[in-house]
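Since the structure comes first, as structure tokens, the remarks are kept for the end.
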Amino acid sequence: MNDRTRLIHSGRDRDPFTGASSIPIYQVSTFDQRDPEHLGAYDYARSDNPTREALEQTIAVLEGGARGLAFASGMAATSSVLLLFQPGDHLVVGKDCYGGTYRILTTVFKRWQLDVTFVDSTDPENVRRAITPSTRALFVESPANPLLQVTDLRAMAEIARERNLMAITDNTFMTPYLQRPLELGFDVVVHSATKFLGGHSDLIAGLAVTREEGLGRRLRAIQNSFGAILGPQDSWLVLRGIKTLAVRLEAQQQAAQQIACWLLRRPEIRRVLYPGLEGHAGHDVHARQARGGGAVISFELSDGPAAVAFLKRVKLPLVAVSLGGVESILSYPATMSHAAMPREERLARGITDGLVRLSVGLESADDLIADLDDALNTLRSDV
Ligand SMILES: *Cc1c(COP(=O)(O)O)cnc(C)c1O
């Protein structure tokens, strides 16, 4: 089945009881048990809710996994996956992982004695070298945030298989429409469904999918015990968002490619980071594992004051954290996603004061370019 068809008809595409065109929002906590000796399929909505279950089946099919699970946020999904490990276990994690993942690993899970080594995973040798006898898992993201560095997912899956490690990836930036890590050999995929899957900047949600049923059952036991589940209303909204994922991403990705090429020619822009550009360091690896560059571009202005002036002048995009919405969103890593990182450390990672990140929405690319052009031109007249 074509991917666009799967987005509409995978999982439960209609209500089995009424034929309704979507699974209703089961706004309930409990289910009547007629026969108390033989409980029904649903008993309590933390364990199972039909609306959440429809979303869980859909994401499992889309990622090509055995089991999907929906959580209250992307961080709840990641944290629940991390609860699979024990004190003393060691994880090798890509150093450019999502900031919240870095924070929970270095605070909460550190107190629970989960041992982590952060490495530059763009070179698989760094990952290999960091493995110790206590290593249980690899956790990488590709492309990473905000510099969009690409990690070779096949190479990671290969290392994990050789060394008997669990391979985990956060696929938020790509979604299963553009990249399917389980098919490349990963064991677990996590998502912030807040971003492209929800797609409308109107909810917070997380998903996890396991390649195998056994691991899926262990993660489901954690979901049920820990309890960070997604509610029925938000499950329904994510299901609705997923139906238009293909058309949204195709249009957003096409506009992103056009804007990235335009930015390359602007003298005010020092560098443009976008995996869809041939000059991008990870372009070839990315092209082998994903179906396009996605809809997020980072680019660098000359310095902090130039970036701040630019952000103040742009009219169409929101200036905000987050990404993946129908509206374009410009983020400023120095004061937003990476504000908690010491400046020296941030600069050492290449996240300069001039760097901004653009999540391209569904506006016309020409209108977005005209808006960026105006902001850059006023910048020039100031100097
Ligand atoms: C936003 C984001 C998260 C966290 O998701 P929440 O839904 O905000 O908890 C995790 N990973 C990536 C790559 C993200 O962009």
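Since every read-out is calculated from the coordinates, none of them should be taken as a lab result. What you are looking at is a predicted structure, and each value in this text was computed from that prediction instead of being measured. Neighbour counts are summed over all protein chains in view; Cβ atoms, including those assigned to glycine, are modelled from backbone coordinates with ideal geometry.
For residue 110, the lysines whose Cα comes closer than 24 Å to its Cα, not counting residues fewer than 8 places off in the same chain, are 95. The calculated FRET efficiency for residue 28 paired with residue 339, based on their beta-carbon distance and R0 = 45 Å, is about 0.65. The Cβ shell under 13 Å around residue 341 holds other residues with a net charge of +1, Lys and Arg each +1, Asp and Glu each -1. Just to be sure I understand the curve: with the Debye formula and one point per C-alpha of the chain, what is log10 I(q)/I(0) at q = 0.08, 0.11 Å⁻¹? Treating every Cα as an identical point scatterer, log10 I(q)/I(0) equals -0.42, -0.78. Shown in residue order for segment 29-46 are the 3J(HN,Hα) couplings computed by the Karplus curve 6.51 cos²θ - 1.76 cosθ + 1.60 at θ = phi - 60°: 10, 9, 10, 4, 10, 4, 10, x, 8, 10, 5, x, 4, 10, 10, 9, 6, 5 Hz (x for Gly and Pro).
Comparing 199, 350, 231 in a Gaussian network model of the chain, where Cα atoms under 10 Å apart are tied by springs, the biggest mean-square fluctuation is seen for 350. The gain in end-to-end length when the residue 322 to residue 13 segment is fully stretched comes to 108.4 nm, 0.36 nm per residue minus the alpha carbon separation. Taking other C-beta atoms within 10 Å as the exposure proxy, 22, 142, 225 rank 225, 22, 142 from fewest upward. For residue 312, the lysines whose Cα comes closer than 28 Å to its Cα, not counting residues fewer than 8 places off in the same chain, are 195. The peptide list 175-183, 98-106, put in order of mean Cβ contacts within 10 Å with the highest first, becomes 175-183, 98-106.
Per-residue Cβ neighbour counts within 10 Å put 8, 131, 329 in the sequence 8, 131, 329, beginning with the fewest.
Taking amide H as placed 1.01 Å from N in the peptide plane, residue 66 has its amide H under 5 Å from the amide H of 210, 211, 212, each at least 5 places away in sequence or on another chain.
If both residues of a DSSP beta bridge must be in segment 146-278, then about 60% of such bridges are antiparallel.
Remark: 261, 97 ranked as 261, 97, counting other beta-carbon atoms within 10 Å and listing the fewest first. Proximity of backbone amide H atoms, modeled 1.01 Å from N, is registered between residue 166 and 137, 138 at under 5 Å, excluding neighbours fewer than 5 places apart on the same chain. Looking at the chain alone, DSSP beta bridges between its own residues are antiparallel in about 55 percent of cases. Sorting 249-255, 293-299, 114-120, 356-362 by their mean Cβ neighbour count within 10 Å, with the most densely packed peptide first, gives 293-299, 356-362, 249-255, 114-120.
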